[in-house]
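Reviewing the structure listed below.
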Amino acid sequence: MTDAVLTLAHLNKRFGALQATRDVTLDLRPGEIHALIGPNGAGKSTLIAQIAGSLKPDSGGIHLAGQEITSLSVAQRARLGLGRSFQVSSLAEPLTVLRNVMIATQALQGHSFRFWKPVHRDESLLTPATAALERMELTHRADTPVSELSHGERRQVEVACALALTPRVLLLDEPMAGLGPEGSARLTELLETLKHEVPILLVEHDMDAVFRLADRISVLVAGGVIAHGDSAAIRANPQVREAYLGD
Amino acid sequence: MIKSTTPSLAPRRVPTPAASWHDRKHLVQIGLLAVLLLAPLSAYLLGHVYYVNLASRLTLIAMAAVGLNLAIGYGGMVSFGHAAYFGLGGYVAGISAYHAFDFTPVIGWPIVIPGSDSMLAIWLATMLVCGLLALVIGTVSLRTSGVYFIMITLAFAQMVYYFANSWPTYGGEDGLPIYLRNSLPMVDTQDPLTFFLICFGGLVMSLALTSRIMKSRFGAALTMARLNETRLATAGIAPYPIRLVAFVISAMITGLAGALYADLNGFVSPTMLSWHMSGELMVIVILGGVGRLYGPLAGAILFVMMETLLGGLTEYWKLFLGLVLLLVVLFAKHGVMGWLAGRERP
């Protein structure tokens, strides 16, 4: 527990009668991919929202690199090194890929109340943004507006934006959603190269990707973690098979 | 393969004219400024002072709209209350001149602030006062968005309007005259052409400032706040302070235009604060092209020309303004600037 980068301790969240998060405790260690799986309605999105800061938990605590972040805003958490991607791409459509990524590098360099220097020739923004694009093999699309990208490319831009933050933790919310088998395999490869740089908390429906990528898997059902272990243990767990894998 | 081989289903824009569109935009911008500069110059030489003053009026309305465009067009904050800053700027000029004329202080206690007929002092005071008002109004209003933001900015502006209307010290609903136009060192502000050039300078400065700001980091953050605030927050930049600062700068520009406007007319009244004024500024921004740098100028030229030409024929000229606005909204979403200079490139 001590060396974990991200720790969730006894998180609870209730919407009226619905307990969306039930005493969730889990952690993310350096160099690992920790996958979070669960059937629809298990409370994965609610949990992600609490980690990212758009929802406040009713009780429990979240620590990022030893620092309590439970009551911080989305922007504050991002500045502390929490990078995330969205289930449904959340990018500025009319802007180019590069501009979308540059916003993240800009935030890294302190406040944005700088009114004079043009960003389009600011090397301190361009260099890291270009590097993040290179990591996601998007260099050739840098000057293309996001609105002209394919679905798969958008997913890559999402990850590049998160990477440009030089995060301590990556929170990826169904990065494979809507990708075909080919795109999915490709993104899986890209993520595999990342995991030793930055630990990833991965919420994913694509079981092939999860079993291939994840070092540890937690299974969320009805808001609570019902099982926890490596791929083999999860595959063998009868409770999980019943609740989720469907046999 | 996700690579570039993916065919784009949307019809691709023809690649070659990209550079020339850019050039065309600059030509249109320079053209608009040249017309605005040369028209009153020739009118002055021909002895038609009326047209010089008309050009000053046009310039100041355009400048006020440049301020509003920063909020609406670049920041996505549809303020229906910018008359508050326009009028307040006017009142700063009027009240300051009134006290300078009377040799009484504007504020006598606890600190003494004397009146002044110096434009420089008035401009500084205008920026300060309008900035403060916008800070207060923005702090509250920016907690809402959409229709609520429109209504709350309108409500605040109406409060300022009714306050000015019922405050007898400065003329109440009758307004406040400025007997002698405020002064600048070494410049004869009484001269219509000189005054026009001051207004023109103000417009060019506010255009240059907007352009520069929007290319900076602040501009990048403001653009992202408009397009996708979740993305901005996820990147680690809180959208609210960015919007608030843009709102304050926007109000300052509109306020400065208002201070000059009162000097142009030698008169300031609650009319400058009324919601009609807010609406007019909004119409000008939309006519010219929302979020286009020179949109407010193009819109103001169209607006003032219609007002002058059609207004001479019929007092119902706004009927035609309405028709034009309808046409622009339906068929030319990028306004006059979109029509003249093409679409803005990303």
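Bear in mind these aren't lab numbers, they're just calculated from the coordinates by the rules spelled out. Just so we're clear, the structure is a prediction, and the values are computed from it rather than from any experiment. Positions of Cβ are backbone-derived with ideal geometry, glycine not excepted, and every protein chain shown enters the neighbour counts.
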In whole angstrom, note down how far apart the Cα centers of region A:123-196 and region A:19-88 are.
21 Å
Rounding to the nearest 10 and keeping the result within 0 to 90°, find how far the Cα-based axis of helix A:97-108 lies from the longest principal axis of chain A.
80 degrees
Pairs of alpha carbons in region B:234-346 whose separation is greater than 19 Å (percent):
58 percent
How far, in degrees from 0 to 90, does helix A:181-194 lean away from the longest principal axis of the Cα atoms of chain A, to the nearest 10?
80 degrees
Summed side-chain charge close to B:Pro270 - residues other than B:Pro270 whose Cβ falls under 12 Å, Lys, Arg +1, Asp, Glu -1
-2
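Helix-only mean residue ellipticity at 222 nm, chain A, DSSP H runs n ≥ 4 weighted -39,500 (n - 2.57), per residue, nearest 500. What is it?
Values: 8 runs with 81 residues, N = 247.
-9500 deg cm²/dmol, from helical runs alone.
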Exposure proxy check: B:Thr104, B:Thr254 ranked by fewest other beta carbons within 10 Å?
B:Thr104, B:Thr254
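Expressed as cubic angstrom per residue, what is the convex hull volume of the alpha carbon set of the protein assembly as shown?
191 Å³
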Mind telling me which of B:Gly146, B:Gly131, B:Gly67 comes out most flexible in a GNM of chain B, alpha-carbon contacts under 10 Å?
B:Gly146
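Kirkwood hydrodynamic radius of region B:44-274 from all distinct Cα pairs, in Å?
Numbers: mean 1/r = 0.0549 Å⁻¹.
For region B:44-274, inverting the mean 1/r across all distinct Cα pairs yields 18.2 Å.
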Decide, for region B:186-252, between rounded, prolate and oblate: order the square roots of the alpha carbon gyration tensor eigenvalues as a ≥ b ≥ c, take rounded if a/c falls under 1.5, and otherwise choose prolate if a/b is larger than b/c, else oblate.
prolate
Just to be sure I follow the rule: in the protein assembly as shown, considering lysines 8 or more places apart or on different chains, how many pairs have Cα atoms under 29 Å apart?
12
Counting only residues 5 or more apart in sequence or on a different chain, those whose built amide H sits under 5 Å from that of A:Val169 are A:Gly83
Share of antiparallel DSSP beta bridges in chain A, in percent to the nearest 5?
55 percent
Rounded Å value of the spacing that divides the Cα centres of region B:83-114 and region B:187-262
24 Å
Tell me the relative contact order for region B:44-274 as a rounded percent, counting alpha carbon contacts under 8 Å between residues six or more apart.
43 percent
Based solely on its DSSP helices, what 222 nm [θ] is calculated for chain B when runs of n ≥ 4 H residues each add -39,500 (n - 2.57) and the sum is averaged over all residues, nearest 500 deg cm²/dmol?
-23000 deg cm²/dmol
What base-10 log of the normalised intensity I(q)/I(0) is obtained for chain A from the Debye formula, alpha carbons as equal point scatterers, at q = 0.09, 0.13 Å⁻¹?
-0.39, -0.80
If one puts a single equal scatterer on every Cα of region A:91-166 and applies the Debye formula without solvent, what log₁₀ I(q)/I(0) results at q = 0.12, 0.14, 0.15 Å⁻¹?
-0.29, -0.39, -0.44
Need one number: % antiparallel among DSSP beta bridges in the protein assembly as shown, to the nearest 5.
60 percent
Taking Cα atoms, the helix B:119-141 axis meets the longest principal axis of chain B at an angle in degrees (rounded to 10) of 60 degrees
